[in-house]
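Reading through the structure tokens given below for one structure.
The values are calculated or read from the model by the stated rules, or taken from the named source; none is laboratory data. Bear in mind that the values here come from a model prediction, so they are computed numbers and not experimental data. Using ideal geometry, Cβ is built from the backbone for each residue, glycine included, and neighbour counts are taken over all protein chains shown. Heavy atoms of the whole protein, side chains included, go into the accessibility calculation; ligands, DNA and RNA do not. Shrake-Rupley method; radii C 1.70, N 1.55, O 1.52, S 1.80 Å.
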Amino acid sequence: MTMSLRQMTPSLGAEITGVDVANLDNQDFDAIYESFNRHSVVVIRDQNITPEQHADFSRRFGKLMVHVLKDDLLEGQPEIYRLSNKVENGVPQGRPNAGQYWHSDLTYEKVPSKGSVMYAMEVPDAGGDTLFAHTAASYEALSEPMKAFLSDKTAIHDFRHAYDTFSKRIPGTMPISEEVFAARPPVEHPVIRTHPETGRQCLFVNPGFTVRIKELSYDESDAILAYLYGHMIKPQFFYRHNWRANDLVLWDNRSLMHCAVGDYGPDQTRHMHRTTIMDGDAA
Ligand code: SIN
């Protein structure tokens, strides 16, 4: 097999064909890793992998994180978080309506995520796309005074915020217990982070998990965040992924935010497995 790569937009996105991630030599892996840093979203088509192979491939990028929603993890393979509206014999096969708001995965963790690797097993006939917005491209397009203003600011991130603000309003969302929220108290991260591998500065706030900018009043923080969120999703920073079954998609949580589109009906199945890679090695 010969690997080939096609860039999808000038800011982000690449499609790779002609590889089998379960049997990848170091040279092809290095090319995928380089593409992950350069294009931020890498779509690898036509994969037939087991959950174990999915986790093994993901581990080549770094240590894997275990999602706080324990009921949605795959039995025997807890690094795999199941996002699914599928029900088998009355048993949900994952969390329905997950991630239907702009966010970067796990920014509510003290050590946030480097990237995610999602495998599509069943996809709707139409819809259920994932939107990606590039947070280095949007940072670079800000004026110098705005960059300077944001440079020393800190944001508070909270897992509960996404549930309270977005998820619980979507019919069919499963409740999350107080115990789970208590396990993830709010954390702080800089509003601007330097990508450790590309050296690019990235906006690191998102509507899902960012509660406020700590140094500002609540009103000021709301106004600045609303401006940034509108700016960050301008079309030129944006890629929309229309899933095919057997797509394996890697995305860089240091340089992107993303949003799942819940536009498909209950007669359609969307069944995904995701791993999440830690940014660094800390526990
Ligand atoms: C997520 O990782 O937030 C979900 C993305 C998706 O289901 O498209």
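Pairs of lysines 8 or more apart, or on different chains, with alpha carbons under 22 Å: count those in the chain, would you? Value for the chain: 13. Backbone amide hydrogens, once placed in the peptide plane, bring Val211 within less than 5 Å of Ile156, His157, Asp158, excluding anything fewer than 5 places away on its chain. Highest-first packing order for the peptide set 163-174, 194-205, 105-116 is 105-116, 194-205, 163-174, based on the mean count of other beta carbon atoms within 10 Å.
With a Förster radius of 35 Å, plug the Cβ-Cβ distance of Arg169 and Thr2 into 1/(1 + (r/R0)^6) and report the FRET value to the nearest 0.05. Let's see the in-between values first.
On the way: r = 47 Å, r/R0 = 1.35.
E(calc), rounded to 0.05, equals 0.15.
With N the number of residues in segment 20-95, Rg(Cα) / (2.2 N^0.38 Å) evaluates to 1.27. Rounded to whole Å, the principal axis extents of the Cα atoms in the chain read 51, 43, 37, largest first.
For segment 4-278, which whole percent of the accessible surface, found with a 1.4 angstrom probe, sits on carbon and sulfur atoms?
Numbers: 5840 of 11700 Å².
Answer for segment 4-278: carbon and sulfur cover 50 percent of the accessible area.
Each label point was placed 7 Å from the Cα along the Cα-to-Cβ direction; for Gln27 and Asp267 their separation is 5.0 nm.
Note on Ile156: accessible area is roughly 40 Å² with a 1.4 Å probe, heavy atoms of protein only.
Ranking Tyr101, Ser221, His134 by how far each Cα lies toward the positive end of the dipole of the chain (charges on Cβ) leaves Ser221 at the top.
Ordered by packing density, taken as the mean number of other Cβ atoms within 10 Å over each peptide's residues, highest first, how do 176-182, 32-38 rank? Kindly include the intermediate steps, with their values, before the conclusion.
Values: 176-182: 12.0, 32-38: 17.7.
Per-residue mean Cβ counts within 10 Å order the peptides as 32-38, 176-182.
At 1.4 Å probe size, with every protein chain present, just tell me what the per residue accessible area of the chain comes to in Å². Heavy-atom accessible area per residue stands at 44 Å². Please report the relative contact order for the chain, taking Cα pairs under 8 Å with a sequence separation of at least 6, and give it as a percent rounded to a whole number. 34 percent.
Would any residue of segment 77-98 have its amide N under 14 Å from a label point 7 Å out along Cα→Cβ of Lys70? List them or say none. Once the point is set 7 Å along Cα→Cβ of Lys70, 78-79 turn out to lie under 14 Å by backbone N, inside segment 77-98.
Dipole size in debye (nearest 20) for the chain around its Cα centre, Lys and Arg Cβ +1, Asp and Glu Cβ -1? Can you show the working numbers first?
Working: 28 positive and 38 negative charges, 79 e Å.
The calculation lands at about 380 debye.
Segment Arg38..Glu215, full-extension length gain: 60.5 nm, with 0.36 nm per residue of separation and the alpha-carbon distance subtracted.
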